[in-house]
């Protein structure tokens, strides 16, 4: 095992104690921010396979986020020897995998995440998973257990309660930040630390508790500014979240004491662009991140806006690859011939890309041939490997605090969330504050840097908030009925049919070529209303997506319905007028989508696969002048 880990840090005594636990040990590990948790887990898995004689199939590895799954897989591939074939999954992915194996007729891929989690728990409780796990599951590794709340916590508890296997559960109560998914405040506060308490209460003296306390991420005193709050926030979680307001205030006092980066003027833009390392700008809300992203675009600063972990995009090169193949198979040799002409990211590893495609289960009895029809099916059901759908690396990332969880950067700029009362005021109508969770959330943001921590001033008076009916950010004005813009999201473009066949006529092949060669992340687009009046009930009219004046797509039914709801300012009001142009929208990425195969054939596209733009941005509405004046009169009455 030593050769695989040459060049990596040696294990500390704390890490070694975790790694060397027996395979049947019931272990709970509290791992602080930057404590080398992933490195420890990789070594733990390798030892389980190499020295405890477990096979990869006898180990189940579960974690909360796709980012954590990718990191584990990458580390296992790079450093693992015996354990390189151990499969890591998110809780949601594992639930779907379990259900498709025990209830193949259940149409589970089309069900919601919540329905899958509940279905998996019932399957375990009712014994339907016994054949899978009773004799073949010997150890479970569970990462990020502090974020197990509600139904996901119930699911993991059912698994550990039913099957006699060892486990290694790793988490940090100081970084528990997903309580907001539980709507009721009292229930939410009760979820904090609940899984830790269940483990202690269920397994008692059989449970071995260990800690990883040394921080390996922060390399400067500035980067270590918030680390001292870790033990205090863990104690806060264990005490029922009392004194959360005081902890938040003290942590924010530390933030206000770090160097102010200044406004996003020309000097700051140059500093962000010229910095050689990685930088993150972290905001309390996704709405703030959208506004800040637009300001950076206006200043000419290249960056990436961090997506939700569930918002996955298949890269364009997959679609281009399949579009150039008339046959239903692709050999490794053919892939290598085509690779130089695919729109691949710089530095792409051909061997890795081929292995990722192979992992779709599309091999025809050989690792040298891909079955493209099975690859299409995997793509259509959203089951491609996370490594293929992950956002590409970027030197500058703009993110909410939540979406930055598990990430690290050389330099971090934290947007001051303001006093707790301001944080509460910015929350959606009807929200309730959880001071302890706000403190943990700020702690997560402030522990992301390796070297530098800066502060950006509070973003005030943005006139934005989340629209409860659509769960989108919107622009508002002091008149309660006025609507000035709406957030665009990844699913807001028609993908069932190729661009040029719906709402506007164009040569489909030309549009596909234009998307592949001329449309880039960050490019400005406008949505132009096709007709003044809707063509369906409870929807806006269609909008065509224009890039430099050229149509490249049309908005989805979901967006049209949400726009209608957003403009419906009261129960009795029926929107009659809609923005003529929706601007302030940008390209997130051009991705590969699976749609109606017959429509693809008619358009000359192979395999029912083509390219489509994904949109992002907090838009601005432009109205017909006469229409706007009439609208203002009607709603003001």
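With R₀ set to 25 Å, the beta-carbon distance separating residue 311 from residue 395 gives a calculated FRET efficiency near 0.70. Neighbour counting of Cβ atoms within 10 Å sorts the residues 172, 367, fewest neighbours leading, into 367, 172. Dividing the mean sequence gap of close Cα pairs (under 8 Å, 6+ apart) by how many residues region 7-89 holds gives a relative contact order of 30 percent. Taken over region 65-190, the convex hull of the Cα atoms encloses 128 Å³ per residue.
Against the empirical 2.2 N^0.38 Å (N residues), region 58-125 has a Cα radius of gyration ratio of 1.24. Distance between the pseudo-spin-label points of residue 517 and residue 24 (7 Å out from Cα toward the beta carbon): 6.6 nm.
Packing, taken as the mean count of other beta carbons within 10 Å per residue, orders the peptides 476-483, 91-98 from highest to lowest as 91-98, 476-483. With the simple spin-label model, which puts each label point 7 Å out from Cα in the Cβ direction, the residue 624 to residue 476 separation comes to 2.9 nm. Potential lengthening of the chain between residue 85 and residue 355 amounts to 96.0 nm, from the contour at 0.36 nm per residue minus the alpha-carbon distance.
With no solvent and one point on each alpha carbon, what is the Debye value of log10 I(q)/I(0) for region 144-252 at q = 0.12, 0.24 Å⁻¹? Computed log10 I(q)/I(0) values: -0.49, -1.43.
Once the C-beta distance of residue 298 and residue 367 is scaled by a Förster radius of 35 Å, the resulting FRET efficiency is 0.15 to the nearest 0.05. Extension gain, residue 260 to residue 206: 0.36 nm times the residue separation minus the Cα-Cα distance gives 14.5 nm. With the convex hull of the Cα atoms taken as the outline of region 442-560, the averaged projected area works out to 11.6 nm². Can you pull the one-decimal nm distance between simple spin-label points at residue 213 and residue 12, each 7 Å off the Cα toward Cβ? That separation, rounded to one decimal, is 0.9 nm. Under the criterion of Cα pairs below 8 Å and six or more residues apart, the relative contact order for region 472-636 equals 30 percent. Between residue 339 and residue 246, the contour length at 0.36 nm per residue exceeds the alpha carbon distance by 27.8 nm. Only Cα pairs under 8 Å and 6+ residues apart enter the sum, and on that basis the relative contact order of region 3-216 stands at 32 percent. What whole number of Å gives the distance from the Cα centroid of region 447-483 to the Cα centroid of region 114-158? If we compute the Cα centre of each part, the gap is 36 Å. Roughly what % antiparallel, to the nearest 5, for the DSSP beta bridges in the chain? Bridges in the chain are about 50 percent antiparallel. Going from the residue with the fewest nearby Cβ atoms within 10 Å to the one with the most, 307, 284 rank 307, 284. According to the Kirkwood relation over distinct C-alpha pairs, the hydrodynamic radius of region 472-636 is 16.4 Å. What the Cβ-Cβ distance of residue 538 and residue 329 gives, at R0 = 30 Å and to the nearest 0.05, is a FRET efficiency of 0.10. Taking N as the residue count of region 1-140, its C-alpha radius of gyration divided by 2.2 N^0.38 Å amounts to 1.14.
Sorting 394-402, 533-541 by average packing, meaning the other beta carbons within 10 Å per residue, from highest down gives 394-402, 533-541.
Treating only the Cα positions of the chain as identical point scatterers, give the base-10 log of I(q)/I(0) from the Debye formula at each q in 0.05, 0.06, 0.09 Å⁻¹. Rounded to two decimals, the profile gives -0.24, -0.35, -0.82.
Computed from the coordinates by the stated procedures, all read-outs in this text should not be read as laboratory data. Since we're looking at a predicted model, the values are computed, not measured. Cβ: placed from backbone, ideal geometry, glycine included. Neighbour counts: every protein chain shown.
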